[in-house]
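In what follows, a structure is listed as structure tokens, so that the remarks can point back to it.
The values are calculated or read from the model by the stated rules, or taken from the named source; none is laboratory data. Predicted model only: the values in this text are computed from it and were never measured. Note that we place each Cβ from the backbone using ideal geometry, even for glycine, and neighbour counts take in every protein chain shown.
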Amino acid sequence: MSRKVRLGIVGFGAQGSAYARFIAEGLVPNVELVAVVDTDPAKKEVVAERYPEVQFFDDYVTLLDSGAVEAVVTTVPHYLHPQMGIQALERGIHVLLEKPAGVYTKQVAELNAFAAAKPELTFAIMFNQRNNPLYRRLKEIVDAGEIGAIRRTNWIITTWWRPQGYYDQSAWRATWGGEGGGVLVNQAPHQLDLWQWICGAPKSVYSKVAYGFRRDIAVEDEVTAVVDYGDGATGVFVTATHDMVGTDRFEILGDAGKIVVENSKTAVVTRLKRPEREISDGMGIEDVKKMFMGQFDPAELYAQETLEFESEWGAQHSGVIENFAANILDGTPLLAPGSDGMVGVRLANAIHLSSWKGEEVPLDFDEDEFLARLNERIAEEGQYPERA
């Protein structure tokens, strides 16, 4: 390859160091890691030992102004994502943000508006699950109308078990002022994104959210949300961090079929021979008796296909970085445009707001009201400044 994108990694924690390793191991052939920035002085020695040719910076703006990089990927606390995105874009630097795009919609809207004014720059978000071949195939099936119009969705995603020590490791973790929330902003943003990416965004949500339910934290560790898509279609999203066994089951029911996903690895796709209502209306009492007695052939009504794809750990993340670089180099379409980050943040905000108010709220909720209620919780903690 004649040219590689000169990339800087912002934040050299677990995620940032993993991205550096992917690049060093050749998983991202169109990227050259040229710089790392971290405010922890100890990281300088680590970077020097592992990647002696890579420049180290202890200040983000200094990196941006150095001319060393043409693109950055940010792996920093959530509140910083929009700010750092804007700082890079205003200097003509391409940006790949970690999820989520931000904590509240007002700050994400500001970022998206700024990015829209810089169409010559690449702005993407690390929704690596969009690079999961299983979910990409399911989106194709739904978009093509192969299971008809969606009537109900359900996702139980409780494979996020976290012991108390996980929350105690950092003072900012699981706080309103430091992290901006719990499982909705830390563990589950990928599923919130996939849910709406495949099934569409809902019109409203009603939620029951437990804060510090089974962990000594201020933010949510259990969520049950019911959404309304309109036209009678509904969805349910359940997530938690205290289920040690955990479940990952995603169902999409359409009027001409159904998809059932287990553990984000295997999906059974059922395609009806005719729309369900048509089958129902065409069944007489004798057909019903045969059905109850197990005397009918399911193959006459539907066909089933099982989908399963192999996906090595790290391949999804490295694929998003490679796609980001390809967009910079030759305009390859983005898997996850940065502006798409708004939908998941809006959905998480609506779930929080519904639980705080105890009522159903529309997805076009009052953003000022949400921010005011978030700031009330930040003020109660007394550790961080309120947000504007």
Restricting attention to region 122-144, which residues are assigned to a loop (DSSP other than H, G, I, E, B) and touching a residue at least 40 places away in the same chain (Cβ under 8 Å)?
-> T122, M126, F127, N132
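Picking from I378, I328, which residue would you name as being β-branched (V, I, T) and touching an Asp or Glu at 6+ places or on another chain (Cβ under 7 Å)?
Working: I328 fails: touching an Asp or Glu at 6+ places or on another chain (Cβ under 7 Å).
Residue meeting the stated conditions: I378.
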If we keep only residues of region 276-305 that are under 41 Å from the mean Cα position of the chain (by Cα) and among the small types (G, A, S), then the residue surrounded by the most Cβ atoms within 10 Å (Cβ to Cβ) is A303
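Quick one: which of I147, I156 is outside the structural domain of P77 (by TED's automatic domain parsing), over 22 Å from G181 (Cα atoms) and either modelled with pLDDT of 95 or more or part of a helix (DSSP H, G or I) (or both)? Don't jump to the end; show me each part of the working.
Details: I156 fails: over 22 Å from G181 (Cα atoms).
The conditions single out I147.
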Would you confirm whether any residue within region 78-97 is over 22 Å from the mean Cα position of the chain (by Cα), at positive phi and surrounded by fewer than 19 Cβ atoms within 10 Å (Cβ to Cβ)?
-> yes
Note on region 52-65: residues aromatic (F, W, Y) and surrounded by fewer than 19 Cβ atoms within 10 Å (Cβ to Cβ) are F56
Would you mind stating whether V345 is touching a Ser or Thr at 6+ places or on another chain (Cβ under 8 Å), surrounded by 21 or more Cβ atoms within 10 Å (Cβ to Cβ) and not polar (S, T, N, Q)?
-> yes
Consider E49 carefully, then state whether it is within 19 Å of A325 (Cα to Cα), among the charged types (D, E, K, R) and either surrounded by fewer than 16 Cβ atoms within 10 Å (Cβ to Cβ) or modelled with pLDDT of 95 or more (or both).
-> no
Would you call D40 surrounded by fewer than 22 Cβ atoms within 10 Å (Cβ to Cβ) and assigned to a helix (DSSP H, G or I)?
-> no
(1) of a type in the set (F, W, Y); (2) surrounded by fewer than 20 Cβ atoms within 10 Å (Cβ to Cβ); (3) at pLDDT 85 or above: which one isn't true of F324, the others all being true?
-> (2)
Collect the residues in region 133-146 that are crowded, with 20+ Cβ neighbours inside 10 Å and over 23 Å from V205 (Cβ atoms), keeping them in residue-number order.
-> I141
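How many residues are at positive phi and surrounded by fewer than 24 Cβ atoms within 10 Å (Cβ to Cβ) when one looks only at region 179-200?
Taking region 179-200 and keeping what is at positive phi, we get 180-181, 200.
In the following step, the residues that additionally are surrounded by fewer than 24 Cβ atoms within 10 Å (Cβ to Cβ) were identified as 200.
Result for region 179-200: 1.
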Would you mind telling me which numbered condition in (1) under 21 Å from the mean Cα position of the chain (by Cα); (2) surrounded by 21 or more Cβ atoms within 10 Å (Cβ to Cβ) K203 fails?
-> (2)
Here are some residues: S280, S207, S264. Which one is closer than 30 Å to T175 by Cα and outside any strand (DSSP E or B)?
-> S264
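Here is a yes/no grid of residues against (1) under 23 Å from the mean Cα position of the chain (by Cα); (2) outside the structural domain of A225 (by TED's automatic domain parsing); (3) not hydrophobic (A, V, I, L, M, F, W, C):
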{"position": "T332", "(1), (2), (3)": "yes, yes, yes"}
{"position": "A350", "(1), (2), (3)": "yes, no, no"}
{"position": "S354", "(1), (2), (3)": "yes, no, yes"}
{"position": "G358", "(1), (2), (3)": "no, no, yes"}
{"position": "V361", "(1), (2), (3)": "yes, no, no"}
{"position": "A372", "(1), (2), (3)": "no, no, no"}
Mind counting the residues in region 8-30 that are assigned to a loop (DSSP other than H, G, I, E, B), buried (at least 19 other Cβ atoms within 10 Å of the Cβ) and small (G, A, S)?
-> 1
Taking the stated definitions as given, is E70 within 16 Å of L96 (Cα to Cα) and either acidic (D, E) or touching a Cys at 6+ places or on another chain (Cβ under 7 Å) (or both)?
-> yes
Filtered residue count, region 358-380, keeping only those that are touching a His at 6+ places or on another chain (Cβ under 9 Å) and basic (K, R) = 1
